[in-house]
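A quick write-up on the structure given underneath.
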Amino acid sequence: MAEKKASDITKYRFLSSRGKAAELICRKDWSNTSVKPIPLWPQSLRTTLNLSLSLLTPVLFLWGKELTCFYNSAFYELLEENDKGILGTKGGELLNDVQHFKNVIRNASSESLTVHPFKFELIGNRSFLYSVSPIFNEENEVAGIYIHLNENISDTKKNITRELEESERKFKMVADTAPAMIWTSNIHRSYDFLNKGWLDYTGRLMEEELGQGWTQGIHPEDIERCADIYNHAFDHQKKFSMEYRLKRADGKYRWIADEGTPRYSSEGEFLGFIGACVDIQERKMAREELERKVLERTSELNKRNIELQLQKEFADTILESSVDVIAVLDTELKYVTLNRSACEMYKVSKEELIGKKMIDVFPGIIDSGMYNDLKTALTGQTIHNPKYRSTVLEKHFENFYIPLKNRNDSVYGVLLVSHDNTAIVETTIQLEQTNRILEEKNLALERTNKELESFSYVASHDLQEPLRKIRTFAELIQKDLKNEKIARKYFSKIETSAQRMSDLIKAVLNYSRLSKTEDLYADTDLNNILMNVRSDFELLIQEKGAVIKSNKLPAIKGIPLQLNQLFSNLIGNSIKFTENTPKITISAKIVDPHNMPAHPDIQPEKKYAQLVFRDNGIGFEQQYSDQIFTIFKRLHSTESYAGTGIGLALCKKIVENHRGFIAVKSKPGKGSEFNIYLPVN
């Protein structure tokens, strides 16, 4: 980069009209130094330069970690021609042969306003008095060393005192323009100076803050702790740092960081402390929030490893002490290391795995989610899989895949942490199964309650009706015992009513047995069921001329005896409830739950067999489609069509026993269509 033109100095107000040194600073190419180009300089460096360049006495200061050299025009005039190129050089190289000065530089962070005599070889064989002060940046850190030179070491103490007072004045000027809050205290532990930054921040006057007045702004809960730290530092004359809440001008308490350094006279006499404070409210709140989130997200792991984390021991110690399975793999998914828990879990030694690819040792992981998660982690993404089932161990794990990165943010491996939560997963599965069983039992209980209501109706109506007729006809016979013809007629009606009551009782018993069935599920071919029912109705089919057509029916897991009853009732009704030649069509297909009508009993993980029974019977109004499945609910009189009114109720009960459901569509004179959905397994 070419040197800047002199006219460029007008771009930077802190360099404008500041003499030869300012011109040299502006022309200098700083891009290859640790301080970087001028536009990137911090405000603290600009402020220090602005003040130094305005002084008529020689000033040299060293900035940054490499102690980069800066000076003002007065210092420049003292330099020999050959030495005027030291601007921007490293202080360590500049002062290699001045051991005394190097010691001062080394201790500058713990000294301030100190005065020493020395000979500066770069400025001839002349003696100077110099004072050294630390320069603080915006973060309250020592960013540089301020060196103020004064010639004539043989001057009187009055001149020295004057120079020190001038230096003190300039220090206070620098302090008042610094972005930090700066203070000094004397040997009596009282504050004797607070800069403008402090006063502006607290909104108080210098007179109010001097002595111990500054403590009035400290939060009551922090005063005792701060006093202990402050007094301990004074007793031992050592540097200290502390954090406390200070009341701002608006009355709000905010966290600040305060660092104090002991200061000494040229004779080594302790003079008190100098310190600087910065507001850290946002930083502290952000840090606390981050810590809270980290603790929440990794609480379980932190609890298991809290002692190791607090001690910040080496990674190997953490690995070996963890009860979780932990392994580190490289970019080829080769084992780099693994902990004792991993070895015990997989019953292998480290020597058997380190250096080998995971897929060579455990080929089965290629078809599992782990392999894909590891590959994803190698792209730099952290993966959390709370439900991973190991096909190698037949266990359940909560897995964390954490990419390991170098300083260049490149991934060089993956940290795999597996927490065995088999017991939790299995307990959860058992709980879900128990809940399902409870739900099924609740549904069964609801159905039983409804059945009890129906039985109550039977007891109060259907079974009472035949008994009432028997009593009525018996009374009529007693009134006319001599008329044999009439008595025989009434006895016939009594017999019919008794038979009706017997049929009803048998139907109720058949229905109740379905709720208490102990039949076992078995592989059932519905084609065989249909063939058996055809055989049972063989004579009635011939008598009615009935036609029964069917495509190939599936085999399902079911209770054969109940399925036989289901087919028998549906086919029997189709033959009975018709005024024409019965025509019955039976079809079937396998369907997925999402292709079925909505129903609360559908199990989404199962396949279903859909059975469709169509006939050309008398049909009924669709509004009665739910009522016909109610026990003893009849749409026609017993005089028109015989029966107990329990057949379709039995059908519904059988379907529900198989965890399926039944629905019907019908129109008067157009026949009916029954759709039955039964789980295949």
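The values are calculated or read from the model by the stated rules, or taken from the named source; none is laboratory data. In this text, all values refer to a predicted model and were calculated from it rather than measured experimentally. A quick note on method: Cβ atoms are made from the backbone with ideal geometry, for glycine too, and the neighbour counts reach across all protein chains shown. With ligands, DNA and RNA removed, areas are computed over all heavy atoms of the protein, side chains included. Shrake-Rupley method; radii C 1.70, N 1.55, O 1.52, S 1.80 Å.
Measure up LYS441/LYS583; LYS552/LYS670; LYS239/LYS293; LYS90/LYS405 against 30 Å on the Cα-Cα distance and list the ones that go over.
LYS441/LYS583; LYS239/LYS293; LYS90/LYS405
What spacing in nm lies between the two simple spin-label points modelled at LYS65 and ILE354, each 7 Å away from Cα in the Cβ direction?
With each label placed 7 Å out from Cα toward Cβ, I get 3.3 nm.
Using the Karplus curve 6.51 cos²θ - 1.76 cosθ + 1.60 with θ = phi - 60°, work out ³J(HN,Hα) for each residue of the range 604-609 in order, rounded to whole Hz, and write x for Gly and Pro.
Result, rounded to whole Hz: x, 8, 9, 8, 10, 9.
Calculate the tail of P(r) for the range 263-417: the fraction of all Cα-Cα distances greater than 28 Å, expressed in %.
Result: 35 percent of Cα pairs exceed 28 Å.
Can you tell me, using C-alpha contacts under 8 Å and at least 6 residues apart, the relative contact order of the range 518-679 as a whole percent?
On the way: 293 pairs, mean separation 36.7, N = 162.
Relative contact order for the range 518-679 comes out at 23 percent.
Of all GluC sites (Glu not before Pro) in the range 328-398, which ones are in loop regions per DSSP and have a Cβ with at most 13 other Cβ atoms within 10 Å? Walk me through the numbers on the way to the answer.
Numbers: sites: GLU332, GLU344, GLU351, GLU352, GLU394, GLU398; in loops: GLU332, GLU394.
Passing both the DSSP loop test and the Cβ count: GLU332, GLU394.
Treat each spin label as a single point 7 Å out from the Cα along the C-beta direction, and report the GLU440 to LEU205 distance in nm.
8.8
Distance check, please: which entries in LYS247/LYS303; LYS544/LYS667; LYS576/LYS665 exceed 27 angstrom between their Cα atoms?
LYS247/LYS303
If you stretched the chain out fully between VAL142 and ARG13, how much longer would it get, using 0.36 nm times the residue separation minus the C-alpha to C-alpha distance?
Extra length from VAL142 to ARG13 when fully extended: 44.0 nm.
Mind ranking GLU538, GLU221 by accessible surface for me, highest first, 1.4 Å probe?
On the way: GLU538 100, GLU221 135 Å².
Highest to lowest solvent-accessible surface, that is GLU221, GLU538.
R0 = 56 Å: FRET efficiency of THR57 with ARG340, Cβ-based, nearest 0.05? Don't skip to the end; give the middle numbers.
On the way: r = 69 Å, r/R0 = 1.23.
It comes out at approximately 0.20.
What FRET efficiency comes out for GLU320 versus LYS589 if R0 is 60 angstrom and r is the Cβ-Cβ distance? Round to the nearest 0.05.
Details: r = 60 Å, r/R0 = 1.01.
For GLU320 and LYS589, the calculated efficiency is 0.50.
Would you mind calculating the gained length between LYS28 and ARG471 on full extension (0.36 nm times residue separation, minus the Cα-Cα distance), in nm to one decimal?
Working: separation 443, 0.36 × 443 = 159.48 nm, distance 12.85 nm.
Contour length minus the Cα-Cα distance gives 146.6 nm.
Which cross-chain or sequence-distant (5 or more) residues have an amide H under 5 Å from the amide H of TYR412, H modelled 1.01 Å from N in plane?
LEU404, LYS405, ASN406
Starting from the range 322-414, pick out the trypsin sites (Lys or Arg not before Pro) whose DSSP state is loop and whose Cβ has at most 11 other Cβ atoms within 10 Å. Could you put the intermediate results ahead of the total?
On the way: sites: LYS334, ARG340, LYS347, LYS350, LYS356, LYS357, LYS375, LYS387, ARG389, LYS395, LYS405, ARG407; in loops: LYS347, LYS356, ARG407.
Passing sites in the range 322-414 are LYS347, ARG407.
Rounded to the nearest 0.05, what FRET efficiency do GLN622 and LEU540 give with R0 = 35 Å and r taken as the Cβ-Cβ distance? Could you check?
Given R0 = 35 Å and the Cβ-Cβ separation, E is 0.80.
List the residues, sorted by chain then number, that are 5 or more residues from GLY144 or on another chain and whose placed amide H is less than 5 Å from its amide H.
Amide H to amide H, under 5 Å and 5 or more residues apart or across chains, GLY144 pairs with GLY64, ILE135.
How much length would be gained if the chain were fully extended between ASN483 and ARG659, taking 0.36 nm per residue of separation minus their Cα-Cα distance, in nm to one decimal?
Full-extension gain reported as 57.5 nm.
Between ARG297 and SER265, what is the label-to-label distance in nm when each label sits 7 Å out along the Cα-to-Cβ direction?
Here the answer is 5.8 nm between the modelled labels.
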